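Heads up, the thing below is written out as structure tokens.
Rule-based calculations on the coordinates, nothing more; no lab input. Every value quoted in this text rests on a predicted model; they were computed, and no experiment measured them. All Cβ positions, glycine included, derive from the backbone under ideal geometry; neighbour counts span all protein chains shown.
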Amino acid sequence: MPSVIRRSRSAALLAVTGMTAALLVTAPTPASAGPNLILNPGFETPGGPGNDGMPDCWKKAGWGNNDVTYETVADARTGSAAMKVSLGRRVDGDRKALITETPLCSPTVSPDRQYDLSLWYKSTTADVSVTLFRHDTTTGTWGYWTDLRTLPLSADYTRAEVRTPAVPPNTDRISWGVSVYGVGSVTTDDYAMEEVTVPTPDPECTGTPAECLKGRWEVLPTRNPVRSVHSVVLHNGKVLVIAGSGNSESMFEAGTFTSAVYDPGPGTWKQIPTPVDMFCAGHVQLQDGKVLIMSGNKGFPTPDGRIGYQGLKDSYLFDPDTESYIRTNDLSEGHWYPSATILGNGDVITFGGLKQDSTGNVTAERWSAAQNRWLPTSQVNQTWSYWGLYPSMILMQDGRLFYSGSHVFGNGTPGTGASIYDYDRNTITDVPGLQNKDQRDQSASVLLPPAQDQRVLTIGGGNNESNPAANRLTDIIDLKEAAPAYRPGPPLPQGEVEQGGVRRAQRGSEGKMYISAVLLPDGKVFETGGALHDRADPVFEASFFDPVTNTYTPDLAKDPVPRGYHSSSFLLPDGRVMSVGDNPGNNTYNHNVSVYTPPYLLRGPRPRITSVPDDRWNYGDTQRITVNRPIAKAELIRPAAVTHSSDPNQRFVDLPLTVNGSTIDLNVTSNPNLAPPGWYMLFAVDANGIPSVAEWVHLGPRTGAARHASHAPSAHVHDFADQPANPVRKRLAKRDSVPVSPTVTGCERAYGAAGVCVPTAFPKTVRATTAARCEWLADRDFGRLKVNGGRDPHRLDRNRDGVACGKGDLRPH
Ligand SMILES: [Cu+2]
């Protein structure tokens, strides 16, 4: 049963038949798609002199080392002309007939709208994709936008159709064509492009009016049984939380290491035997759904302040089926606070952190998916660079890594604070524009939806050593640019800060560190939690960032539980967001768990995915699902594996649609770097932004390891970040490590047990007197603080009785 949209499109195509001039066809049903926005859609109008032999409003395009011929042929589906693009010899690159990028020829579009594109084709190669370009109104230039789908081999004319994602901001026109990147030919005819209007029921508020605007929080009746620092959403919908010692020296000494699995269905927790102190390890989901955990805590800092935290070399897999840990081979060195990024072939790359002796680790580690083990250092490309702690390394669509500048503790890296690392060439290039790079400690960075747009947002941060008020800076970078640079975004909205039990509105440039940023199925980013200072002064504020408009929606409902250091928030498969943890300077831990219901779940019935016949997907697939009512988009969201505001693998991969009523064909990217192999949540979302409950699908080759991503032919990776503004960084000589101050954690070890964190620097607003400092500590429930090692750098033990802030210390001296 054809839908309204279907009918009007067939009508438009019928009307194209026999046309000989650039034409506009009006759809018969205004409730549905509009006119065909393509001029000369069937190549019937020849181009003038100077159009390089191409039909009117079409041009030759492409790049690379290959032999191409363009022919206007009589072998048309309708009319008397079609376009044949043939690739002979090919080393690299692609060729296409592209809509001429002039105001006359290229279709006008509006940001946030979606468009249905279609054409007829026959082919002798399967290395063919529909490629889009966009005209940016801020730069006045054309650039690559996205590849929407691949076209299967077809000897006879067949119709290909695909729905675009929402048009990005600052876009007024687009151009598109069929890219050929394999040897063979593709003949195309009868292009069409129509604006999408998806009929959806009027949303009806099922909560209070305020809830329908701002969403609502609930604090769960059950509490988190462990002092968890790490949260991983498993492919069975359960949540693994890992504490290890949970930053408790006494638990460390007792060898009490914990983790737990939460089952959102019954709302139950199960404790999991935990072999080592995985406190401040790294973690990432592998392609088979197991969680790879690397490093952890080998030892707490010594009381004399000479040695800081020490990193384990141990590594484990967590198996969601058996809910147990399996030991792997060791890392070559310890990495307390490592990064962990999964690559397009399923390998994992890890940088940074502290070694077994508490020095800074300069060795990169690589987990081989094929060998199921960590590779020896000699088999891993090394730059001997120190990337700091939890450096946020995001996989780019061409396989390079973008270091966003988000990190944990202290200053940013030397240079601009952000860079691109090319593993294959083993080069690092600084990227400019990150604001205040030395105050991005525990900022949050996310690859914005959709991943195909290759834009990264970095929010807030502070500096736990100098301890300024955390900032509200926002930086956005478009990695598709030839010379990408961060540009300032809108300031983070402000909320209320609680200081020593007193709440007040934030002011001036006050923002947050310890921010959680969660990608939602409607394509927005939910940011929540955070604090103003080093492990102190929680900020109650939450907002949405919309990547289409580049704006925040401020003043959402606020998590009633403070969520500062060692907190995390993550998307559940039902579309809600769960938040756990808070570990302030006095080293208490908040075991309350809260769950946010976004407004999209309070606006009437949700669309439902009624069938997913195949849950094992491969790259370049077209996968058919059915839904119970019209949807506007669908996507894959990689489940969270988050700690310390950092989840560089979090991504939202758009699935361009081919819609036929309630049957939807999903066009899966052919590029593993856009969606590394593994389990994903599949959401279907209606035009009101209401998502379905997720279905779990596995993306990746059905057997064995993924073919090496860089060897997969790809239409469009050539013009990404290939003309960087900065030169490649000078190679460093081989070295063992870099010195890292034991105070990197922002804690003065002269006071209290390890894990307790008297700040190395008090906030600027605290006067430099014993009384003011002791009052600040008392207001934050630090309790009795022993003075360690006879040092008293903050002058808190004036009477030298070995206890800070005692009565005798506060009397005038
Ligand atoms: Cu930590």
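Each residue in W120, W58, W63 was given a count of other beta-carbon atoms within 10 angstrom of its own, and listing them fewest first yields W63, W120, W58.
For helix 4-16, what angle does its Cα long axis make with the longest principal axis of the chain, in degrees from 0 to 90 and rounded to 10? Orientation of helix 4-16: about 40 degrees from the principal axis.
Rounded to whole numbers, the Karplus 3J(HN,Hα) couplings from phi for region 787-801 are 8, 9, x, x, 9, 9, x, 8, 6, 9, 10, 4, 8, 6, 9 Hz, using 6.51 cos²θ - 1.76 cosθ + 1.60 with θ = phi - 60°, and x at Gly and Pro.
A cut-off of 5 Å between modelled amide H atoms, ignoring neighbours fewer than 5 places along the same chain, links Y751 with N788.
Spherically averaged projected area of the convex hull of Cα atoms, region 766-813: 3.1 nm². In region 766-813, Cα pairs under 8 Å separated by at least six residues give a relative contact order of 36 percent.
Relative to the compact globular guide of 2.2 N^0.38 Å, what is the alpha carbon radius of gyration of region 406-462, as a ratio? Mind showing how you got there, number by number?
Working: Rg = 12.2 Å, N = 57, 2.2 N^0.38 = 10.2 Å.
Here the answer is 1.19, to two decimals.
Candidate cross-link partners of K290 among the aspartates and glutamates, defined by an alpha-carbon separation under 20 Å and a same-chain spacing of 8 or more, comprise D263, D277, D314, D319, D321, E323, D330, D347, E365, D615, D647, E695.
The distance from the alpha carbon centre of region 595-650 to that of region 62-120 is 32 Å, rounded to a whole number. As a calculated quantity, the FRET efficiency between Q723 and T769 at R0 = 41 Å, using C-beta atoms, amounts to about 0.15.
Model label points for A155 and T139, set 7 angstrom from Cα along the Cα-to-Cβ axis, are 4.5 nm apart. Among residues other than R216 with Cβ under 11 Å from its Cβ, the summed charge is 0 (Lys and Arg +1, Asp and Glu -1).
The charge dipole of region 766-813, taken about the Cα centre with unit charges on the Cβ atoms of Lys, Arg (+1) and Asp, Glu (-1), comes to about 120 debye, rounded to the nearest 20. Hey, if you put +1 on the Cβ of every Lys and Arg and -1 on every Asp and Glu Cβ in region 616-705, which of V659, S670, S645 ends up farthest toward the positive end of that dipole? My answer, from the dipole projection, is S670.
Listed by chain and number, the lysines whose C-alpha is less than 22 Å from the C-alpha of K764, apart from same-chain residues fewer than 8 away, are K437, K512.
Determine the dipole magnitude for the chain: charges of +1 sit on the beta-carbon of Lys and Arg, -1 on that of Asp and Glu, nothing else is charged, the reference point is the Cα centre, and the result goes in debye to the nearest 20.
So the magnitude is around 1300 debye.
Please state, as a whole number in µm²/s, the translational diffusion coefficient that the Stokes-Einstein equation yields for region 28-114 at 20 °C and 1.002 mPa s, with Rh defined as the Kirkwood radius across alpha carbon pairs. Value of D from the Cα-based Kirkwood radius: 144 µm²/s. For the chain, the relative contact order works out to 12 percent when only alpha carbon pairs closer than 8 Å and six or more residues apart are counted. If you model the chain as an ellipsoid using its alpha carbon gyration tensor, with each semi-axis the square root of five times an eigenvalue, the axes come out at 51, 27, 24 Å, biggest first. When the alpha carbon gyration tensor of region 512-623 is reduced to an equivalent ellipsoid, the three semi-axes, largest first, read 31, 16, 14 Å. Converting phi to 3J(HN,Hα) with the Karplus coefficients 6.51, -1.76 and 1.60 and the offset θ = phi - 60°, region 597-609 yields 9, x, x, 5, 8, 10, 10, x, x, 8, x, 10, 7 Hz in sequence order, with x at every glycine or proline.
Annotation for W384 and N51: the two label points, set 7 Å from Cα along the Cα-Cβ direction, are 6.0 nm apart. Taking other residues whose beta carbon is less than 11 angstrom from the beta carbon of T553, and scoring Lys, Arg as +1 and Asp, Glu as -1, yields -1. Spatial offset of region 353-432 relative to region 171-236 amounts to 30 Å, using the alpha carbon center of each.
Helix 770-779 axis versus longest C-alpha principal axis of the chain: approximately 60°, rounded to the nearest ten. Summarising the amide proton neighbourhood of D277: residues at separation of 5 or more, or on other chains, whose placed amide H is nearer than 5 Å comprise N297.
Isolated cysteines of the chain, defined as having no other cysteine beta carbon under 4.7 Å away, are C280. Across region 367-372, coupling constants 3J(HN,Hα) worked out from phi with the 6.51/-1.76/1.60 Karplus curve, θ = phi - 60°, read 8, 8, 5, 5, 9, 6 Hz, and Gly and Pro carry x. Listed by chain and number, the lysines whose C-alpha is less than 29 Å from the C-alpha of K122, apart from same-chain residues fewer than 8 away, are K59, K60, K84, K96, K633. Computed from the C-beta positions of N170 and D357, the FRET efficiency with R₀ = 51 Å rounds to 0.55.
The protection proxy used here, the mean number of other Cβ atoms lying within 10 Å of each residue, ranks peptides 442-449, 100-107 as follows, highest first: 442-449, 100-107.
The modelled label-to-label distance for the pair E71/R791, using points 7 Å beyond Cα in the direction of Cβ, is 8.0 nm.
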